[in-house]
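A.B. asks: Below is the structure I would like to discuss, written out as structure tokens.
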Amino acid sequence: MKRLPVFFLLSLFIGCSFTEKVYEVSSLDLDEIQAEKITLSAALVFSEDLKDHIQDAYPAITSTQKYELQVGKCLCYYLTKAVKVAYQEVTRAEEEPMPGKFDRIIKFHLKGSRYIIPPSPEATPSDKQIVSTPRRVTYILSVKMEAYEGKNGQLLAKTVLDGNSIFTRGGGETAEFEKLKQAIRTAVQQVSYNAASRLISGFAESEKHLSKPFCR
């Protein structure tokens, strides 16, 4: 199967702040999923908070500059691919679709995007020397997925898709930022792949619409 292009980078530099675009990358390659598509049309709707989400690199890494990552664009790109893996006809809608125009409406909302950083060990008066140890940073991403009947707007199913990744600090500011980018894109990959597997497995469908089990 065709592999997706390797990660991107550096898009905009203004003063002491620059923004990274995080998209078009996957180690969990959605193009490798082999399954019969569900023969229905689906409208894809992203919430504004998901589309516009930008994750600040602080406090995952400390630096002299402000680093931001456009996680929302990454999610939109891969979640669109995930829905296209499952449904034969997919249209991204910028607003609520009219009733009856599509068979299914699949909505995604950002539920959470955060870091978990363990506290540094505290020194005591008896300590003659503090030996610093590498600190692990965990990035956690959660997205809510909802499926609706396209004709009447009835909610068919909802779930939360989670992804996470861990990196260890160390190696300098540039090296740490590279690790952070990898951690975030790994979490996005997990969420998108989970979305595809749920949809293919019949998340919003009766038996008559289900496709065959998927594989990689």
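A.B. asks: Pairs, please: C-beta under 7 Å, at least 6 apart or cross-chain, first residue among the hydroxyl-bearing types (Ser, Thr, Tyr) and in the stretch 88-113, second in a strand (DSSP E or B) and crowded, with 19+ Cβ neighbours inside 10 Å?
C.D. replies: Going by the 7 Å Cβ cut-off, the qualifying pairs are 91/43; 91/44; 113/55; 113/141.
A.B. asks: Sticking with this structure for a sec: For the stretch 151-193, enumerate the residues that are assigned to a loop (DSSP other than H, G, I, E, B) and closer than 18 Å to residue 58 by Cβ.
C.D. replies: Going residue by residue through the stretch 151-193, those that are assigned to a loop (DSSP other than H, G, I, E, B) are 151-154, 169-172.
Across the stretch 151-193, the qualifying residues are 169, 170, 171, 172.
A.B. asks: Where the second residue is loosely packed, with under 12 Cβ neighbours inside 10 Å and the first is farther than 24 Å from residue 108 by Cα and lies in the stretch 46-67, which pairs have Cβ atoms under 6 Å and are six or more apart or on separate chains?
C.D. replies: Final answer for the pair search is 65/16; 66/17.
A.B. asks: When the residues of the stretch 45-58 are filtered to those that are farther than 20 Å from residue 117 by Cβ and of a type outside the set (A, V, I, L, M), which remaining residue is surrounded by the most Cβ atoms within 10 Å (Cβ to Cβ)? Steps first, please.
C.D. replies: In the first step, residues of the stretch 45-58 are kept if they are farther than 20 Å from residue 117 by Cβ; the result is 45-52.
Next, from what is left, pick out any that are of a type outside the set (A, V, I, L, M): 46-49, 51-52.
Numbers: 46: 22, 47: 16, 48: 10, 49: 12, 51: 14, 52: 13.
Only one residue fits best here, namely 46.
A.B. asks: Moving on. Name the residues in the stretch 144-172 that are farther than 25 Å from residue 49 by Cα, surrounded by 14 or more Cβ atoms within 10 Å (Cβ to Cβ) and not aromatic (Phe, Trp, Tyr), would you?
C.D. replies: Hit for the stretch 144-172 is 169, nothing else.
Here is a yes/no grid of residues against (1) surrounded by fewer than 19 Cβ atoms within 10 Å (Cβ to Cβ); (2) assigned to a helix (DSSP H, G or I):
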{"position": "40", "(1), (2)": "yes, no"}
{"position": "43", "(1), (2)": "no, no"}
{"position": "60", "(1), (2)": "no, no"}
{"position": "64", "(1), (2)": "yes, no"}
{"position": "72", "(1), (2)": "no, yes"}
{"position": "75", "(1), (2)": "no, yes"}
{"position": "78", "(1), (2)": "no, yes"}
{"position": "84", "(1), (2)": "yes, yes"}
{"position": "88", "(1), (2)": "yes, no"}
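A.B. asks: Condition first: among the hydroxyl-bearing types (Ser, Thr, Tyr) and touching a residue at least 12 places away in the same chain (Cβ under 8 Å). Now tell me which residues in the stretch 170-200 satisfy that.
C.D. replies: Kept after step one, since they are among the hydroxyl-bearing types (Ser, Thr, Tyr), are these residues of the stretch 170-200: 174, 186, 192-193, 197.
Correct list: 186, 192, 193, 197.
A.B. asks: Let me ask something else about it. Can you name the residue in the stretch 102-118 that is assigned to a loop (DSSP other than H, G, I, E, B) and under 15 Å from residue 167 (Cα atoms) and is also modelled with the highest pLDDT among such residues? Write out each step before concluding.
C.D. replies: Narrowing the stretch 102-118 to residues assigned to a loop (DSSP other than H, G, I, E, B): 102-103, 117-118.
Filter once more, so that each one left must be under 15 Å from residue 167 (Cα atoms): 117-118.
Numbers: 117: 91, 118: 84.
Filtering first and then ranking leaves 117.
The values are calculated or read from the model by the stated rules, or taken from the named source; none is laboratory data. Quick caveat: nothing in here was measured; it's all calculated off a predicted structure. So basically every Cβ, Gly included, is an ideal-geometry build from the backbone, and we count neighbours across all protein chains shown.
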